[in-house]
Structure formats: C-alpha cells, structure tokens
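Comments concern the structure below.
Read-outs throughout are calculated quantities, based only on the coordinates presented, and are distinct from any laboratory measurement. The structure displayed is predicted, hence computed values, not measured ones. Cβ placement follows ideal geometry from the backbone for every residue including glycine, while neighbour counts extend to all protein chains displayed.
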Amino acid sequence: MTEKFIDLTAPAVRGLHPYVPGKPVSELEREYGVKDIVKLASNENPLGPGSRARAALQAGIADAGYYPDGGGFALKNRLARLHGVGTECITLGNGSNDVLVLLAEAFLTPDTEAVYSQYGFAVYPIAVQATGAKACVAPALPATDAMPLGHDLQAMTGLVSARTRLIFVANPNNPTGTWLDGTSLRRFIAAVPPSTLVVLDEAYFDYSRGVDCPDASAWLGEFPNLVVVRTFSKAYGLAGLRVGYALSHPQVAEILNRLRQPFNVNSLALAAAEAALDDKAHLQETVRLNDDGLRQLEQGMRQLELQVVPSAGNFLLVDLGRPAGPVNESLLRQAVIARPVGNYGLPNHLRVSTGTAAQNTRFLSALAAALKQ
Ligand SMILES: *Cc1c(COP(=O)(O)O)cnc(C)c1O
C-alpha cells in the first residue's frame, strides 16, 4: 500500500512549506568537503555568548538533571526590571519563534485574519497558515522608497477588518533591515481596533539604537492590544539556547500561559539569559562590532557596484542584479555561507550577516570572485 498520510492532516497543514534555515556549517563541510567555513547566514552574534552567560552555563550543568523553573521566576523578574513592567506581563518562549506561534494558536482560527507585510519575517506566514486563518499580505514599499521593500503601514492599515486578530510587524524587519520611526508606528498602532493585537517583533532592537527606531515596550501601558516580542538569539548571542519573550497586557500573557508547554524554556537557557542581561560590556562590544561590520560590508558592496538596502539590524540585504542562486553556489564552494532569499520572493537578493572584520573580508572577496564568474 502506498501511504498518503498528507491526506490525513489538518487542511491548514497541507499547504505549509517548512522554514528554510541558513545552511549549518557541519552540512557544508559534509556536502562540499570544505574547511574553515565563514557562516554569515542566520544573523548570529560572531562573538557568541558573553563571559557572564558562559559562566552561568558552566554552573548550570550541575542542575541539568532537574526540570527547569517552568514559571521562569528569576528571568521574568530581571526582565520586569529592565522594561519597567510587572512579571505578569511577560511570557517566556523557546526562542521568540515559540511566542509568535503561541500568539497565532491562541488568537487565530479559520474564520479570522492576520496581516503582515510582503518581505516580512518568514515565520509569520508559517504561524498563520498552520491555524487556517486568512493571511492578508500588504505589498511592501517600492525599491525606490527611502525604506526600500520595507513595511507600508498605510497598506497594512487598509487590510485590517473586524476579522483581523493579529498584525505582525518586525521593527527592524528581517530580511530587509528596514525600520519604522516612532511617530509613524505609534500612529499606526493607535488606529488599530482594540479587537486586533499588534505583534511588534523587536528581534534586532539592540542593533537599532543609532537610528530613530523606537522602543515600543514603553507604549504597553497606553495600548492594551500591543505585544512586544524580543529575543536572546541576536545581540545577546544565545541563538543556540532558544530563548525569547513577549511583553503584553497581563490577560494576553495569561492566555499564552495556558497554551505553552509547561517547561518550554530549558534551565541552561534561563540561566544564560539572566546572566546575559547583566553583561552590558558584551552587548556594547557586540553593537560596536556590528556598526563596524555594517560599514565595512556596505563599503565593499558599493565598490562592487551593488545596491544595498539600509539596515538597522546586524545584516545587509544586497541586490545582486542577477539571480542569486549561482552566486550563492560559488560562495559555498569558497566556504562562505550567506543567505539567498528567493523564498521571500527576492530571487536577485542576498542577505549577509555582519561578522568579525576578518569574516566580512572573506565574504567580500568571495563575493567579488563569484561575481566575476
Ligand atoms: C531572528 C529573528 C527572530 C528570533 O527568532 P528566535 O526564535 O528568537 O531565535 C524573531 N524575529 C525576527 C524578525 C528575526 O529575524
């Protein structure tokens, strides 16, 4: 008999396409037989965890035989202090991806709708489609805009109806790097009906302090339907540990708490995240390295006569002016992993994360060689 388990799945699952992650280093080693690989594909922190997080991880090994604190008491207290909110406003997740999925599971059904932007973060369509809700995708700003391919808040507002339960906004956005200023964003949130939650994903918050990108966590008291999502995966250098969180109205947090797995954040992640929040020196060093990296990459791309999208994140989106597939293939053969974004509907673009100066140099010379072929 030929099994067709796909026919047995929930209808919403049938049309899903899995998330396409950056190629892991070990996979490239296996498949291409190359060594000394530079991975600039997943917006990871090239410094990794800071010394305080590393020490917390070492110390945490002894307790790994116990279940973690399912309520995340210590980390929530630390975060409550950081954001000036009560611990009842905080939901911890196994990465912020977990929190995004919990929001979709809690508020979306096949007769409701969710709004997000074209070229918005790839997890939004997956989380929405899995619930069977209707995805309303707002066209992005044109490539000629000051924020090329960025969120068009007017277009997004136009898609909101009485059935809209969630709006996903990434600020800054991945994979474009574009951002929204505080005035426009506040006006947008204020115009959204109270029956619609605005999920503001601030994964790159710490990298965006140099531009007019707001800290929306300060607006939580004013907008009960605002949910701010943050992660330890990017500037804090803990992507492998999977920890993120949502700040929201206590009722929203209470709803998410009903749905989440009882021990959704592991004990090492809890310990490392708490320690990372106290490591200001590591965060500063990370942001400084990123500022240098963005400058270096931008300058290098300009020398190659390539158009880059302005970025407030730790990555750059570049228009290669030709299909990115063969260029990426050449980069892989040169042991450099970047991120083609054809899955976002951007077949000529490549996204590259900032690395150390040496890694950025490796990327730029590999790109120059690839473009000559
Ligand atoms: C990387 C990223 C995240 C973080 O995902 P985690 O699950 O926390 O690792 C969330 N949102 C956006 C826009 C991102 O780029």
For this session: Read phi for every residue in the stretch 242-247 and hand back ³J(HN,Hα) as whole Hz from Karplus 6.51 cos²θ - 1.76 cosθ + 1.60, θ = phi - 60°, with x for Gly and Pro.
Result: 6, 8, x, 7, 10, 10
Problem set entry | Cα gyration tensor shape for the chain, rounded if a/c is under 1.5, else prolate or oblate | rounded
Problem set entry | Other-chain or far-sequence residues with amide H under 5 Å of Ala138's (modelled H) | Tyr116, Ser117, Gln118
For this session: Evaluate the charge dipole of the chain about its Cα centre and quote only its size in Debye, nearest 20, assuming +1 on the Cβ of each Lys and Arg and -1 on the Cβ of each Asp and Glu.
Result: 380 debye
Exercise. Under 13 Å from the Cα of Lys39, which aspartates and glutamates turn up, not counting those fewer than eight places away in the same chain?
Worked result: Glu27, Glu29
Seminar exercise, completed: The distance between the Cα centres of the stretch 140-213 and the stretch 221-279, in whole Å, is 21 Å
For this session: Take each of the peptides 149-155, 309-315, average the number of other beta-carbon atoms within 10 Å over its residues, and list them starting from the highest.
Result: 309-315, 149-155
Exercise. What order do you get for Thr2, Thr231, Thr196 when you list them from fewest to most C-beta neighbours inside 10 Å?
Worked result: Thr2, Thr196, Thr231
Seminar exercise, completed: The farthest towards the positive end of the charge dipole of the chain, of the residues Cys213, Val34, Gly345, given +1 on Cβ of Lys and Arg and -1 on Cβ of Asp and Glu, is Val34
Exercise. Can you sort Ile6, Ile167, Ile90, Ile126 so the residue with the fewest Cβ neighbours within 10 Å comes first?
Worked result: Ile6, Ile126, Ile90, Ile167
Exercise. What nm distance separates the two modelled labels at Ala358 and Arg258, each placed 7 Å from Cα along Cα→Cβ?
Worked result: 5.4 nm
For this session: Using the structure shown, select from Lys234/Lys372; Lys35/Lys234; Lys35/Lys372 the pairs with a Cα to Cα distance greater than 27 angstrom.
Result: Lys234/Lys372
Problem set entry | Dipole axis of the chain (+1 Lys, Arg; -1 Asp, Glu on Cβ), positive-most option in Pro148, Gly15, Leu297 | Leu297
Exercise. Arranged by the count of other C-beta atoms within 10 angstrom, fewest first, what order do Trp179, Trp219 take?
Worked result: Trp219, Trp179
